[in-house]
Every structure is written in C-alpha cells, then in structure tokens.
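For reference, the structure is listed below as structure tokens.
What follows draws every value from the coordinates through simple rules; no lab data is involved. Since this is a predicted model, take the numbers as computed values, not measurements.
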C-alpha cells in the first residue's frame, strides 16, 4: 500500500475517534498512528497533518459540505462518510501537492472500503460538487496540471 493511502486510512480512524469522542489524548492518537502506519514514519507524519489540518478547518469544511449535501444534515451522515469528506476537502483546500482528482479518488476508495456499499457514490457526488464550486471560486489549493506528479 502506498504511504499516502496508508496515511489517509490511519487519519480517517483518528478523525472518526475524535468525531465520536471529541477528545482523544495525544498518546492514544500516536499509538493509533504507529499501529496503523506499520512504523512508516512518512505515513505517520502525513496522517498527523491530515488529522490536525482537518480538525483546524472543520467549521469551514462542514460549511462546504452543508452547502452541497441537499437533504443531508451532517449529524445524520454516517460518521465514516462525514470524516472521509472532511479529509478530502481539507486536501483540496489546503494541500497544494495533492491534485483534486487524487483527493477524490482516494476518498471514494476509502469510503467503499470502510463504509456502506453506497458510500463511494455518495462521497464522489459530494466531492465532485465541492471541487466544482471551489474551482469556480478559485479556492482550490491543489495543482490541476495533469503533468504534475500525483501524491
């Protein structure tokens, strides 16, 4: 498994815990990342970036989701789907080294793996709408040049 994919899966598990419990002690989060990232330091580091960045910007990220998720209250979404969306939107908004297509593809793959059979389509639909809205506003942080290396 690629390092960034491993990091995203580990970050999802951390975000899920934080979403349900609102506070997880740092040592417990560190233990989770060490276990999930199989001692791959770069994956652990990127997972931390994803968790901290997503948590820091969660209010703005949730606003983006709410604007496109018609008839879906964030609290009613499956916790896995909600956190997959948050993580991918964080990457689209704040990670210049991650093309939007990569963030979306990874999110869809993770949603299919960890959530329901319908989650992949749901996540893809929401993220595609958000990507289009962000692009129209000039708010995408990620590179869009297909010649640039993918993450």
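The length gained on full extension between residue 117 and residue 21, counted as 0.36 nm times the residue separation minus their Cα-Cα distance, comes to 32.0 nm. Available extension along the chain between residue 67 and residue 55 is 2.4 nm, counting 0.36 nm per residue and deducting the alpha carbon span. Once you reduce the range 80-109 and the range 20-53 to the center of their Cα atoms, the two points are 17 Å from each other.
In plain terms, the chain from residue 45 to residue 28 could stretch by 4.6 nm, reckoned as 0.36 nm per residue minus the Cα-Cα distance.
Adding -39500 (n - 2.57) for every DSSP H run of four residues or longer, then dividing by how many residues the chain holds, sets the calculated 222 nm ellipticity at -23500 deg cm²/dmol.
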